[in-house]
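A short worksheet on the structure shown next.
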Amino acid sequence: LMETVLRGHGYCVHRADNGEAVLSLIAGRNLQFDLLLTDVVMPCMGGPELANHIRAERPDLRVLFASGYASSALNHFGSLKHGVNLIHKPFRTKDLLARVRKALDD
C-alpha cells in the first residue's frame, strides 16, 4: 500500500520484501535513493539494524520507520532511540505523504 501511494504521488520506489533483500538490492550497485522507509520489526533483520548497515556506507541516509506497535512495545525490542523519525500504523495517506516529505526536507 505504501508503495502504491508513493508511486501515485510521483515518488520513485525501490521495493524489497525484507532487510536482507534490501541489502542485496543495493549491494555493488550505484542505486540512488534519498530515503529508507522501513518497518521497525521485521523477520531476520529489523529496520534499525538495516538502517545501521546502510548508514555504514551512507551516513547521511534519511530514514522513516513505520510500526504498528505502540511506542512502549517498541522499547521492549530495544531497537529505537528517542527522537527517531517514526510513523505509527495505521496512518492516513496524507499523513504518510507529509512524513515522507518532511523526512526528505529535513
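Within segment 13-25, being in a helix (DSSP H, G or I), touching a helix residue (DSSP H, G or I) at 6+ places or on another chain (Cβ under 7 Å) and either over 22 Å from Lys89 (Cα atoms) or open to solvent by 70 Å² or more (accessible area, probe 1.4 Å) (or both) holds for one residue alone: Leu23. The lone criterion from (1) over 21 Å from Arg7 (Cβ atoms); (2) among the hydrophobic types (A, V, I, L, M, F, W, C); (3) more than 12 Å from the chain's Cα centre (by Cα) left unmet by Ile26 is number (1). The set of residues in segment 1-12 that are surrounded by 13 or more Cβ atoms within 10 Å (Cβ to Cβ) and either of a type in the set (D, E, K, R) or at pLDDT 95 or above (or both) comprises Val5, Leu6, Tyr11. Within segment 1-26, residues that are closer than 19 Å to Leu50 by Cβ reach partners that are surrounded by 13 or more Cβ atoms within 10 Å (Cβ to Cβ) and of a type in the set (Gly, Ala, Ser) with beta carbons closer than 6 Å, at six or more positions or on different chains, in the pairs Val22/Ala16; Leu25/Ala16.
The values are calculated or read from the model by the stated rules, or taken from the named source; none is laboratory data. Predicted model only: the values in this text are computed from it and were never measured. Please note: Cβ atoms are built from the backbone with ideal geometry, for glycine as well, and neighbour counts cover all protein chains shown. These accessible areas exclude ligands, DNA and RNA; they are computed on the full protein's heavy atoms, side chains included. Shrake-Rupley method; radii C 1.70, N 1.55, O 1.52, S 1.80 Å.
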